[in-house]
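The block underneath contains the structure these notes are about, expressed in structure tokens.
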Number of protein chains: 2
Amino acid sequence: MRIRTPADLGTLIRSTRKKLQLDQSTLAKKIGVSRLWLVEIEKGKPRAEIGLVLRTLDALGISLNATTPESQSPKRPESTVDIDRIVATAREPRK
Amino acid sequence: MRIRTPADLGTLIRSTRKKLQLDQSTLAKKIGVSRLWLVEIEKGKPRAEIGLVLRTLDALGISLNATTPESQSPKRPESTVDIDRIVATAREPRK
DNA sequence: TTGCAAAGTAAGCGAGCGCTTACAACTGGA
DNA sequence: TCCAGTTGTAAGCGCTCGCTTACTTTGCAA
């Protein structure tokens, strides 16, 4: 499953928890957070701590894989200066 | 790359940022956070908000995939009744 | 219907977030 | 060497986290 937003995470966590037939209390205890926290997370809370979220995924046996686009060439900001002009000017004999 | 801890995230973000030849300030602006926040994240801060972290990955073009273990069969609590015995008994001609 | 477990809501509190401003340390190039 | 760009550190502040306690709502079964 593709994770883009906190809501995605909430959905994933909730469905996985149900698949494993765990109730919020027991899962919360396993993770080391309060049940209330789980409620909020499953609702898609965007300001939760990553540390706890990662522990949650771990507790559910979910593994996260990051794919960095190889294709994306190392983009250098396009120059705002005309280096050729500058060089040409510099080459001109000073008066 | 496998993501297990906030430190993993920090490493990934930093290396990807460098690959894209972005400095902290410009990336921070792109994400909508302060440069200081980025410094902390790249150090592996465990208590940052997921929302911001996800936005960061997005800004870097990194996609996250969650793999829930198919293997793990949806465990149903083992039955306390011996259905075979019951059926067998039911089959017996009533006296 | 009554009863119970699971899930959701509400309020109050200490702790730490992420922000800004400011300065220091580390680079690489002139 | 000096200098500019990049990165790291420090302090102070408003805000919200995640926690606890307590109550309400929902779902299901007796």
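Read-outs: derived from the displayed coordinates by stated rules, not from any lab. Everything quoted here is computed from the prediction, not taken from an experiment. Note that each Cβ is placed from the backbone with ideal geometry, even for glycine, and that neighbours are counted across all protein chains shown.
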Looking only at residues in the stretch A:13-40 that are in a loop (DSSP other than H, G, I, E, B) and more than 23 Å from the chain's Cα centre (by Cα), which one is farthest from DNA strand C (Cβ to nearest atom)? A:Leu20
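Name every residue in the stretch A:23-46 that is more than 23 Å from B:Val53 (Cα to Cα), in contact with a Leu (Cβ under 9 Å, 6 or more places away or on another chain) and surrounded by fewer than 18 Cβ atoms within 10 Å (Cβ to Cβ), in order of residue number.
Of the residues in the stretch A:23-46, the ones more than 23 Å from B:Val53 (Cα to Cα) are A:23-27, A:29-30, A:35.
With the extra rule that they be in contact with a Leu (Cβ under 9 Å, 6 or more places away or on another chain), the set shrinks to A:24-25, A:27, A:30, A:35.
Matches in the stretch A:23-46: A:Gln24, A:Ser25, A:Lys30, A:Arg35.
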